[in-house]
Each structure stands twice: as C-alpha cells, then as structure tokens.
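Coordinate-derived values only; no laboratory data. Since we're looking at a predicted model, the values are computed, not measured. Neighbour counts are summed over all protein chains in view; Cβ atoms, including those assigned to glycine, are modelled from backbone coordinates with ideal geometry.
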C-alpha cells in the first residue's frame, strides 16, 4: 500500500458533508498527527475528522493535539490494534 492512497482524505459515508476520514495506519509518530493537523487546517469549524492509526502512541498524541489546538476529542476506540479517533475542529 503506498502512502498517497493510504492517506488521501475521503468523505465519510452517512456522516456530515464536512466530515473527512484518513487512514494513517502504518505511519509512526509524529506522522499521523502531522498529517491530521494539515487536513484539519483545511476544514471548516466544527467539521469532524476521523483518523485511523495503528501507532501505539496515537491515542495519547491525538489527546495532546486536541488539548493544545482547542479541538474536541469526540471518541477514541481501539479494535484489532487500530485506533479510530474522531475529532471536531475548534469553532474559532
């Protein structure tokens, strides 16, 4: 799997039109947060970014990313070694 197709943002089916999902599995710290930061910067306020990552540090990294960036960590779940993290972009 190449990095270009692996990290391309795609709309989340059945979710708000402003939602984007990113499959960042296979990437290690700090790449998942850096790629998510770039993507969320292009999104409108309150849009939802869904990140899938398998780096063991991802939950802690994204918690810190949300706290320092003012974003809201909506959900963080793990299944079969893959973390799914939902983030609402800061309102302002």
- Restricting attention to segment 74-86, and to residues there that are touching a residue at least 12 places away in the same chain (Cβ under 8 Å) and in contact with a strand residue (DSSP E or B) (Cβ under 6 Å, 6 or more places away or on another chain), which single residue is farthest from residue 19 (Cα to Cα)? 82
- Residue check, residue 82 against (1) buried (at least 16 other Cβ atoms within 10 Å of the Cβ); (2) closer than 16 Å to residue 31 by Cα, all met but one. Which one? (1)
- Message: Please count how many residues of segment 17-34 are surrounded by fewer than 15 Cβ atoms within 10 Å (Cβ to Cβ) and closer than 16 Å to residue 91 by Cα.
- Response: 0
- Task: Provide a single number: the residues in segment 47-62 that are in contact (Cβ under 8 Å) with a residue 12 or more places away in the chain and either within 13 Å of residue 82 (Cβ to Cβ) or touching a strand residue (DSSP E or B) at 6+ places or on another chain (Cβ under 6 Å) (or both).
- Result: 11
- Query: For segment 35-63, what are the residues that are assigned to a helix (DSSP H, G or I) and surrounded by 13 or more Cβ atoms within 10 Å (Cβ to Cβ)?
  - Reply: 35, 36, 37, 39, 40, 58, 59, 61, 62, 63
